[in-house]
1. Out of Gly128, Gly110, Gly166, I need the residue that is in a helix (DSSP H, G or I) and either open to solvent by 30 Å² or more (accessible area, probe 1.4 Å) or under 28 Å from Ile279 (Cα atoms) (or both). Which one?
2. For Tyr72, are the conditions met, namely being hydroxyl-bearing (Ser, Thr, Tyr), farther than 23 Å from Ala217 by Cβ and under 24 Å from the mean Cα position of the chain (by Cα)?
3. Go through Val228, Val210, Val268, Val283 for me and flag whichever is open to solvent by 30 Å² or more (accessible area, probe 1.4 Å), among the β-branched types (Val, Ile, Thr) and within 22 Å of Val131 (Cα to Cα).
4. Can you pull out every residue in segment 255-288 that is part of a strand (DSSP E or B) and free of Cβ contacts under 8 Å to residues at least 40 places away in the same chain?
5. Does Ile33 fit the bill of being closer than 27 Å to Lys211 by Cβ and within 28 Å of the chain's Cα centre (by Cα)?
6. Could you grab me the full set of residues in segment 150-163 that are in contact with a Ser or Thr (Cβ under 9 Å, 6 or more places away or on another chain), polar (S, T, N, Q) and outside any loop (DSSP other than H, G, I, E, B)?
7. So which of Ala147, Ala133 is assigned to a strand (DSSP E or B), open to solvent by less than 10 Å² (accessible area, probe 1.4 Å) and aliphatic (A, V, I, L, M)?
Amino acid sequence: MTATDTIPKLIAEKAALLETAGIESAKAEMEWILCYVLEVDRLNLYLHGSQLMDDAALARIDEIVARRVTRYPLQYILEESWFYGRRFFVSPSVMVPTPETEGLCEAALGFVHAHDFEAPWILDLGTGSGVIAITLAAELREVDIVALDKSVEALNVAMKNASDLGVSRKIDFRQSDFFAALDADERFDLILSNPPYIREIDYADLPPEVKADPKLAMTSGDDGLDAVRVILRDAPRFLNPGGRIMFEVGMGQSGQIAELTNGDQRYVSFNCLKDLNDIDRIVILSCRE
């Protein structure tokens, strides 16, 4: 392959290698790789990519493809992941953000706008790379956010992302095992989380890309609900009157969570939003005032 070859030909050739390795979105990933290497957006990749391509760029592309065919996540290779239209730094210390979590941000923003908060107080439990806290900080003009995570390495990633995206002043990052770092009198209008919810028995069968994520951020006991139980037990005492608890759940778990809340008199409403695949994904809870 020489620098004069067309972009479509290069994409097709390299995408075939990814497809052979079992990667379904091979063409889209190759476009992403080329945009990354050439530092252009997708439109300019096809308009000007051939002129920008040189031997050094081709060598870098081959290097990335060679790593990707091992099924190591592309986001970790490139050290970037796109979420809610923004580029985030990611490392193996944090989970790769998923489109499903964008639904949690949408629900949170919808709640804030519907209730006309001037400056809501929001808690992000298990912030990881910080995508939830940072997205809300970027989308809301006035907001105070506390972002908790047990992992110091994850917090370092989140703080870098907050700095890179210009929202550090709006977020208080704290190392914490669940709610431990909160003061007893702290209250929030929204408590948000993308907790671990994969059953231990299901972990071995996950795709290689998913298993590259930190296991601590993925599995949660025999039924996948250990972390959810802690949230259900402790979150209400940190919730402002009229506030909401929102968190992501796995396939088939919404019914079990509804049963858990039915046995807790503090909860007065249970709703669940579906994702783009029509799967129950975002649990929304309100509590007695």
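The values are calculated or read from the model by the stated rules, or taken from the named source; none is laboratory data. None of these values were measured; they are calculated from a predicted model. Quick reminder, even Gly has a Cβ in these numbers, built from the backbone with ideal geometry, and neighbours come from all protein chains shown. Note: accessible area is taken over every heavy atom of the protein model, side chains too, but ligands, DNA and RNA are not part of it. Shrake-Rupley method; radii C 1.70, N 1.55, O 1.52, S 1.80 Å.
1. Answer to the selection: Gly110.
2. On the way: hydroxyl-bearing (Ser, Thr, Tyr): yes; farther than 23 Å from Ala217 by Cβ: no; under 24 Å from the mean Cα position of the chain (by Cα): yes.
Judged against the criteria, Tyr72 is not a match.
3. On the way: Val228 fails: open to solvent by 30 Å² or more (accessible area, probe 1.4 Å); Val268 fails: within 22 Å of Val131 (Cα to Cα); Val283 fails: open to solvent by 30 Å² or more (accessible area, probe 1.4 Å).
Just a single option satisfies the conditions, and that option is Val210.
4. Filtering segment 255-288 for residues part of a strand (DSSP E or B) gives 267-274, 280-287.
Within segment 255-288, Tyr267, Val268, Ser269, Phe270, Asn271, Cys272, Lys274, Asp280, Val283 meet the criteria.
5. Details: closer than 27 Å to Lys211 by Cβ: yes; within 28 Å of the chain's Cα centre (by Cα): yes.
For Ile33, the condition - closer than 27 Å to Lys211 by Cβ and within 28 Å of the chain's Cα centre (by Cα) - is met.
6. Asn156, Asn161, listed by residue number.
7. Values: Ala133 fails: assigned to a strand (DSSP E or B).
Checking each option against the conditions leaves just Ala147.
Quick grid of which residues meet (1) acidic (Asp, Glu); (2) modelled with pLDDT of 95 or more; (3) more than 15 Å from the chain's Cα centre (by Cα):
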| position | (1), (2), (3) |
| --- | --- |
| Gly130 | no, yes, no |
| Ala133 | no, yes, no |
| Ile145 | no, yes, yes |
| Leu148 | no, yes, no |
| Ser151 | no, yes, yes |
| Ala154 | no, yes, no |
| Val157 | no, yes, no |
| Asn161 | no, yes, no |
| Asp164 | yes, yes, yes |
